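Laboratory data are not the source of any read-out in this text; all were calculated from the coordinates shown. What you are looking at is a predicted structure, and each value in this text was computed from that prediction instead of being measured. With ideal geometry, Cβ positions are generated from the backbone for all residues, glycine too; neighbour counts draw on all protein chains shown.
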Amino acid sequence: MLTDKRILLIVAGGIAAYKTPELVRLIAKAGGSTRVILTDAGAQFVTPMTLGSVSGDTVYDDLFSLTEESDMGHIQLSREADLVVVAPATADLMAKMATGLATDLASTTLLATDKPVMIAPAMNVRMWEHAATQQNLQTLSARGVHMVGPEEGDMACGEYGMGRMAEPAYILAAIQSFFQASNRLMGQRALVTSGPTHEAIDPVRYIANRSSGKQGHAIAAALAAMGAETTLVSGPTNLPDPAGVHMVHVQSARNMLDACESALPAHIAVCAAAVADWRPADEAASKMKKLPGEAPAPLSLSENPDILRTLGAAGNKRPGLLIGFAAETDSVVENAQKKRLSKGCDWILANDVSAGTGTFGGDENVIHLVDEHGVEDWPRLSKIAVAQKLANRIVDTLEASR
Ligand code: C5P
């Protein structure tokens with residue numbers, strides 16, 4: 001139920017805008033109320049009259065309207081809601097949100113709000129896949145913006161792919177779970193590792209891998225959004241620090257282990273980092289020189305500590321729920337099952353990182369969750385959606401064990 005919850009719904013200009021009166025109706029049926037801001041482009045797809053009738057309120061559309069501003073200014077609009085929902089969130093409005101543009105009532109309100117924001121993206125598949133949109137999505141997600149959808153399917157433009165707005169019933173479910181979830185990890189301490197590690201060869205060279213940190217960062221953001229006191233220990237990435245987490249930047253596996261041990265005790269730990277298994281045995285104190293005619297010096301390696309395994313064997317300091325990842329290229333589930341036991345963790349999220357899957361460094365993931373009961377196959381999801389699904393499963397498990 002959404003009893004007494006106030007939703008500020010921002011309707012931007014996409015064909016999916018025609019579905020928003022249904023969303024307003026569903027929110028009302030669940031006990032909530034909706035106030036609507038409609039952009040000029042949104043008004044091409046759904047009328048203010050329709051949205052006004054279903055919400056039972058004025059529809060706001062003009063930043064410079066004297067009557068609207070005196071009646072209900074954009075600052076007040078942005079502050080009096082419990083949740084701001086942008087549906088459909090177009091590529092254009094997401095770009096404005098990511099860069100902080102305030103060119104109309106919708107974008108100005110989004111810049112002025114201090115309330116949680118949820119977006120339901122909707123756009124053509126190529127616009128969705130464009131690097132600019134994906135980068136904006138990362139920025140918004142790192143700031144703690146919640147996502148619902150998009151879905152895969154036929155598009156109004158005749159193409160097929162990712163970019164359809166989530167159905168109103170699904171958006172309503174996301175709004176309901178947002179209100180249920182926002183305090184569900186209150187009082188819990190979480191530790192997340194993310195990114196690659198850099199293992200120094202000399203002061204300027206290092207061994208690393210292609211991990212982007214997207215999955216680990218998204219998990220930390222999702223746990224923090226649910227109220228967990230979250231420490232994110234990350235190797236070097238190009239990502240912004242997620243909102244609301246205690247961030248610890250590290251370089252090597254040994255730094256990462258130290259930072260993780262300092263972050264204990266934790267109720268939850270998720271090891272999503274792609275930690276280098278090996279490091280150069282001796283880090284040269286000065287830059288190694290290439291001398292004419294001389295063969296390259298052999299690089300001898302030492303084994304790095306296994307952070308997940310160390311946490312799994314930490315006795316009374318072992319996190320209550322310990323979760324690892326397994327990037328595999330073959331026999332994905334079988335190897336993950338073995339890994340769960342050998343590392344002493346509770347769950348393994350296994351994913352196929354074979355060439356062509358695009359998982360390593362990409363934006364999507366196909367997860368097989370292995371726990372003591374068996375295997376759960378998840379559909380292909382964005383890494384942000386994987387993080388939300390994992391956070392929900394963590395909450396359900398902790399609540400069931402209480
Ligand atoms: O052994 P493998 O690298 O496949 O194990 C993957 C899991 O173990 C991931 O959760 C990863 O974060 C963790 N790991 C670790 N320290 C290492 C190697 C892996 O925490 N040195």
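Coupling constants for segment 263-279 follow from the phi torsions by the Karplus curve (6.51 cos²θ - 1.76 cosθ + 1.60, θ = phi - 60°), and in residue order they are 7, 7, x, 9, 6, 10, 9, 10, 9, 10, 6, 9, 6, 5, 6, 10, 9 Hz; glycine and proline get x. Structure remark: mean-square fluctuation, Gaussian network model of the chain, C-alpha springs under 10 Å; the largest value among ILE37, ILE207, ILE119 belongs to ILE207.
Couplings for segment 183-193, taken from phi via the Karplus curve 6.51 cos²θ - 1.76 cosθ + 1.60 with θ = phi - 60°, read 10, 6, 10, 4, x, 9, 9, 10, 10, 10, 9 Hz in order; Gly and Pro are left as x. Convex hull volume per residue, computed on the Cα atoms of the chain, equals 171 Å³. Remark: the VAL375-TYR18 segment gains 124.6 nm on full extension, using 0.36 nm per residue and subtracting the alpha carbon distance.
The alpha carbon gyration tensor of segment 6-181 gives principal lengths a ≥ b ≥ c with a/c below 1.5, which makes the shape rounded. Compared with the alpha-carbon gap, the fully stretched path from ALA131 to LEU301 is longer by 57.5 nm at 0.36 nm per residue. Here's the picture: charge each Lys and Arg Cβ at +1 and each Asp and Glu Cβ at -1 in the chain, and of ILE384, GLN251, SER78 the one pushed furthest to the positive end of that dipole is GLN251. Once you have a ≥ b ≥ c as the square roots of the Cα gyration tensor eigenvalues for segment 205-275, tell me rounded if a/c is under 1.5, and otherwise prolate or oblate according to whether a/b is larger than b/c. Because a/c hits 1.5 or more and a/b fails to exceed b/c, segment 205-275 counts as oblate. Just to confirm the number: angle between the C-alpha axis of helix 168-181 and the first principal axis of the chain, 0 to 90 degrees, nearest 10? Once rounded, the angle reads 60 degrees. Each Lys or Arg adds one and each Asp or Glu subtracts one; over the other residues with Cβ under 14 Å from the Cβ of PRO168, this totals +1. Dipole of segment 6-181 computed with +1 at Lys/Arg Cβ and -1 at Asp/Glu Cβ about the Cα centre; of THR20, GLY56, SER33, farthest Cα towards the positive end is SER33. Around GLU229, with a cut-off of 14 angstrom between Cβ atoms, what is the net charge of the other residues, counting Lys and Arg +1 and Asp and Glu -1? Surrounding charge for GLU229 is +2. Find the relative contact order for segment 6-181 and round it to a whole percent, using C-alpha pairs within less than 8 Å whose residues are 6+ positions apart. Computed value for segment 6-181: 23 percent relative contact order.
Cα centroid separation, segment 157-222 to segment 1-46: 26 Å. Between the C-alpha center of segment 136-150 and that of segment 363-380 there is a gap of 22 Å. Helical runs assigned H by DSSP (4 residues or longer) give the chain a calculated mean residue ellipticity at 222 nm of -10000 deg cm²/dmol, each run adding -39500 (n - 2.57) before division by the residue total. With K and R counted +1 and D and E -1, the other residues having a Cβ less than 14 Å from that of VAL192 yield a net charge of +1. When the pairs LYS317/LYS339; LYS339/LYS383; LYS5/LYS115; LYS115/LYS389; LYS115/LYS317 are compared against a 24 Å limit on Cα-Cα distance, LYS115/LYS317 fall above it. Here segment 1-147 is assigned +1 on the Cβ of each Lys and Arg and -1 on the Cβ of each Asp and Glu. Its dipole about the Cα centre then comes out at about 520 debye.
A Cβ-based charge dipole, computed about the Cα centre of the chain with Lys and Arg at +1 and Asp and Glu at -1, lands at about 800 debye.
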